[in-house]
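The next block holds one structure in the form of structure tokens; read it before the comments.
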Amino acid sequence: MRDFYILLAVIFFIVSGVWLYNYLKERKVERLKSLSYKVYLFEKGKISEKEILKETKGTPFYPYVLAELRKYEKAYESIEDKDFKNFFKERVLSDNYLKGEYKKVLEKAKDFSEEDFNFPSFKSLEAFSYQKLGKKEKALSVWNSIKEKYPATYFSNLAEIEIFLLKGAAK
């Protein structure tokens with residue numbers, strides 16, 4: 001009889017554990033749905049910047065909200081996933097480029113490796129920055145390396161056009 005009660009207790013704990021797991025999972029899903037709706041309201045201008053940042057801090061929505069606010073540096077710092085982080089790092093460089101901070105782009109571009117999925121994009125930003133700084137030879141060198149390493153891609157085609165334009169501008 002004692003074994004029977006032990007078996008019932010084990011079954012009770014297993015069922016309780018499964019129920020608790022499902023309950024907590026469902027609560028998390030509901031919280032994310034609620035946050036998703038708040039992000040939607042923020043996008044429509046019905047929730048303030050301060051409020052949405054407070055609500056989303058520490059959630060998957062936080063980098064998105066920061067990106068919407070054009071706070072790319074903060075978004076980059078808040079991400080842990082390597083590929084996603086590299087995506088935001090590229091966005092930070094693009095933002096620096098658009099602001100005319102070409103030297104900053106060149107400094108940060110050294111942090112990337114060829115294993116990064118968006119390396120050709122980084123290199124393109126580097127080449128464009130050299131062009132803006134008037135360093136045509138360095139720009140040509142970068143464009144040539146992109147053309148060689150990534151044949152038959154968008155970046156190769158872009159490199160060919162830029163090489164043509166730079167060589168034509170040199171004449």
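Annotations
- Across the chain, the mean sequence separation of Cα contacts (distance under 8 Å, 6 or more residues apart), normalised by length, yields a relative contact order of 10 percent.
- Under the simplified labelling scheme, the Leu98-Phe117 pair shows an inter-label distance of 2.2 nm, with each label point 7 Å from Cα along Cα→Cβ.
- Read-out Kirkwood radius over Cα pairs in Å, derived from the coordinates shown; its label in (i) 17.1; (ii) 32.3; (iii) 20.0: (iii)
- Calculated FRET efficiency, Lys57 to Val18, Cβ-Cβ distance, R0 = 30 Å: about 0.45 to the nearest 0.05.
- All aspartates and glutamates inside 17 Å of Lys46 as judged from Cα atoms, apart from same-chain residues fewer than 8 positions distant: Glu55, Glu68
- The ranking of Ile146, Ile161 from fewest to most other beta carbons within 10 Å of each one's beta carbon is Ile161, Ile146.
- Modelled this way, with points 7 Å down the Cα-to-C-beta line, the labels at Val29 and Glu49 are 3.6 nm from one another.
- Rounded tilt (10° steps) of 2-43 against the dominant C-alpha axis of the chain: 40 degrees
- Counted by neighbouring Cβ atoms within 10 Å, the residues Trp19, Trp143 run from fewest to most as Trp19, Trp143.
Quick note: the coordinates plus some simple rules give every number you see, no bench work behind them. On a predicted model such as this, the values are computed, not experimentally measured, just so you know. Cβ sites come from the backbone with ideal geometry, for glycine too, and all protein chains shown count toward neighbours.
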